[in-house]
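Contents: one structure, followed by commentary.
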Amino acid sequence: MLTRSLLLKQTRRRVSQLSHVTPPKQIANEPVKAFSNKDTLDWDLLRASVSKFKNASLDVPLVIDGKRIFYNEGNRHYVQQVNPAQHTQVLANVTQATEADVGAAIQASKRAKLEWYKLPFYDRAAVFLKAADLIATKYRYDMLAATMLGQGKNVYQAEIDCITELADFLRFNVKYASELYAQQPCESSPGVWNKAEYRPLEGFVYAVTPFNFTAIAGNLVGAPALMGNTVVWKPSQAAALSNYLLLTVLEEAGLPRGVVNFIPGDPVQVTNKVLADKEFAALHFTGSTGVFKKLYGQIQQGVVSDLYRDYPRVVGETGGKNFHLIHPSASMPHAVLSTVRGAFEYQGQKCSATSRLYLPESKSAEFLADLVGTLESVRTVNTSASKINGGDLHGFMGPVIHQQSFEKLANTIDEAKNDPELEIIAGGEYSKESGWFVEPTVIKTTNPHHKFMSTEFFGPILTVYQYPDAEFAQVCKTIDSTTSYGLTGAIFARDRDAINVADDLLKYSAGNFYINDKCTGAVVGQQWFGGARMSGTDDKAGGANILSRFVSIRNVKENFYEITDYKYPSNYE
């Protein structure tokens, strides 16, 4: 007599052969809610969710094979996730994985893989499509509140992150996966049928996700899982609350236990355990360049020492030292406002944030006067705006993520105050009295090769250099050679010849290049995102290419003819 489990397995295998399905045709970008003063219902629902998370310190568990494991079970400890705008407020007590927990997560991933990858694509896709709908409806305001409070975002930045971009990743990946599966050999000889199978990787995927985008965490986990892989997920400690909420949404959408195992913990301890496993198959990473280089080298050493069964796939997006280049023909008001957004939205804590600005001498005074004047309205230190996410939900800027980041940025500003090649022309203040607040700071340099033009600060600091108008081509070459990064950049100009010169000379300086637009804000399905050089592997999140990194292709040839002799025609006399 068949058990229910075995019957379900056999039924799934039979059903999977009945039809090839395609995703819904209406997949499109999720609309962004404006949260204007007229949107009273949205604001009421958001305030209710914010109040719920502010008034309770939640316990965030490990999730291994679907089981919740809390810090008070066994020899574990926890790390507090606090509100960066009000750092005395504890939002979550995040359970930390032990080495044994990491091993258990790896084993759970291996077990779950045996059934997950055999599910028809329809079933796997349905989980992520349903999750996208849950995020955009039932859990919209909880996701917003968790991201705003935990990661220091204003409502609009949170909306375009943990709602619209996250939903877009989940939906468009389904579209891209269907298109990938449909790519088949274009020729078959008479009596032969050829096919391509897109197998998941043999082993498990390790996803290391950042604090700054809930959507990135969802994609780093969701993209490989959609393709039939199972995932060991180490979230950022500073985003554990929103990330755990995301996992619960995926589970409600039907994600089977063990497909994604959630293990916050000490990064070095977790990583060393994962990378020591023979069946480690891929790293999906977003974070700092230094950490990625270390992991890359560690994986290479594992390959050299015959540790792994396969050559692990390494997919990573790291840092940037992104530029705005202003040509004399540019619309200066537009370029100023674009720079304010590009440099200071979400406190400059985007890998794509504008952190170096090149101005023509003839327009520099006009541009900087407008820029400094505009920034007067977005001060964050010792003003009501410093209450962002602690009380004021309408502000443009908020806190930086944690004390470590605050101290680094404060030291950078102090260094600028004592450097003869630098001049602070806006901002320069900071405060940790209630939260981790740093003013939007603009620093002018006389040296185009100063380290402030090449060092990523990951905060609200913009360094400016004035170039002679006649040296536009030369400044393009300077931009291209100043840093080791190659993530994003923008040219502002009305002159098409200038645009073409910049496009050619900056061909490899940015994986995402913008013409008359800020260098942040790539949209899934529209601007595939990622950079090369030391900014990452340029596998383009938000596009179809990245899914191909999490499959291993097998080609199958079936022959229908039988041969009658071993000889070729040319062997007969």
Quiz item: Yes or no: Arg356 outside the structural domain of Phe458 (by TED's automatic domain parsing), touching a helix residue (DSSP H, G or I) at 6+ places or on another chain (Cβ under 6 Å) and modelled with pLDDT of 95 or more?
Solution: no
Quiz item: Counting only residues that are modelled with pLDDT under 95, of a type in the set (S, T, N, Q) and crowded, with 18+ Cβ neighbours inside 10 Å, how many does the range 375-408 have?
Solution: 3
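Here is a check on your reading of the model: is Glu179 surrounded by fewer than 24 Cβ atoms within 10 Å (Cβ to Cβ), assigned by TED's automatic domain parsing to the domain that holds Val260 and either touching a Leu at 6+ places or on another chain (Cβ under 6 Å) or within 17 Å of Ala541 (Cβ to Cβ) (or both)? Even if it seems obvious, please write down each step before you answer.
Details: surrounded by fewer than 24 Cβ atoms within 10 Å (Cβ to Cβ): yes; assigned by TED's automatic domain parsing to the domain that holds Val260: yes; either touching a Leu at 6+ places or on another chain (Cβ under 6 Å) or within 17 Å of Ala541 (Cβ to Cβ) (or both): yes.
Answer is yes for this residue.
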Quiz item: Restricted to the range 182-206, and to residues that are more than 19 Å from Lys113 (Cα to Cα) and of a type in the set (Ser, Thr, Tyr), which residue is modelled with the lowest pLDDT?
Solution: Ser188
Quiz item: Within the set of pairs 6+ apart or on separate chains, which have a first residue in the range 168-191 that is assigned to a loop (DSSP other than H, G, I, E, B), a second that is loosely packed, with under 13 Cβ neighbours inside 10 Å, and C-beta atoms under 8 Å apart?
Solution: Gln184/Lys195; Pro185/Lys195; Pro185/Asn555; Pro190/Tyr561; Gly191/Asn559; Gly191/Phe560; Gly191/Tyr561
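Across the range 521-570, what is the number of residues that are polar (S, T, N, Q), touching a residue at least 40 places away in the same chain (Cβ under 8 Å) and closer than 26 Å to Ala353 by Cα?
3
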Quiz item: Hey, among the residues in the range 414-455 that are in contact with a strand residue (DSSP E or B) (Cβ under 7 Å, 6 or more places away or on another chain) and charged (D, E, K, R), which one's nearest to Lys321 (Cα to Cα)?
Solution: Lys444
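Filter the range 218-239 for residues that are part of a loop (DSSP other than H, G, I, E, B) and farther than 16 Å from Arg313 by Cα and give the result.
Pro235, Ser236
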Self-check item: Only listed residue being over 28 Å from Phe121 (Cα atoms) and among the polar types (S, T, N, Q), chosen from Asn555, Asn545, Asn559, Asn571
Solution: Asn571
Self-check item: Out of Asn272, Asn243, sole residue that is out of contact with any Gly (no Cβ under 8 Å at 6 or more places or on another chain) and under 26 Å from Val90 (Cβ atoms)
Solution: Asn243
Quiz item: Just to be sure, is Asn418 under 25 Å from Gly287 (Cβ atoms), of a type in the set (S, T, N, Q) and surrounded by fewer than 18 Cβ atoms within 10 Å (Cβ to Cβ)?
Solution: no
Quiz item: Is there any pair linking a residue in the range 21-43 that is surrounded by 10 or more Cβ atoms within 10 Å (Cβ to Cβ) to one that is modelled with pLDDT of 90 or more and of a type in the set (Lys, Arg), with Cβ under 6 Å and at least six apart or on different chains, and which?
Solution: Pro23/Lys175; Ile27/Arg171; Ile27/Lys175; Asp42/Lys33
Practice problem: Considering only the range 94-115, state which residues are in contact with a helix residue (DSSP H, G or I) (Cβ under 6 Å, 6 or more places away or on another chain) and either not assigned by TED's automatic domain parsing to the domain that holds Lys273 or not aliphatic (A, V, I, L, M) (or both). | Solution: Glu99
Quiz item: Name the residues in the range 48-74 that are under 25 Å from the mean Cα position of the chain (by Cα), among the small types (Gly, Ala, Ser) and in a loop (DSSP other than H, G, I, E, B), would you?
Solution: Gly66
Quiz item: Any residue in the range 75-90 that is β-branched (Val, Ile, Thr), touching a Phe, Trp or Tyr at 6+ places or on another chain (Cβ under 6 Å), buried (at least 16 other Cβ atoms within 10 Å of the Cβ) and assigned by TED's automatic domain parsing to the domain that holds Ala253?
Solution: no
Quiz item: Can Ile135 be described as touching a residue at least 60 places away in the same chain (Cβ under 8 Å), closer than 30 Å to Leu180 by Cα and crowded, with 20+ Cβ neighbours inside 10 Å?
Solution: yes
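The values are calculated or read from the model by the stated rules, or taken from the named source; none is laboratory data. Predicted model, so just to flag it, every value in this text is computed and none were measured. In this analysis, Cβ positions are derived from the backbone assuming ideal geometry, glycine residues included, and neighbour counts consider all displayed protein chains.
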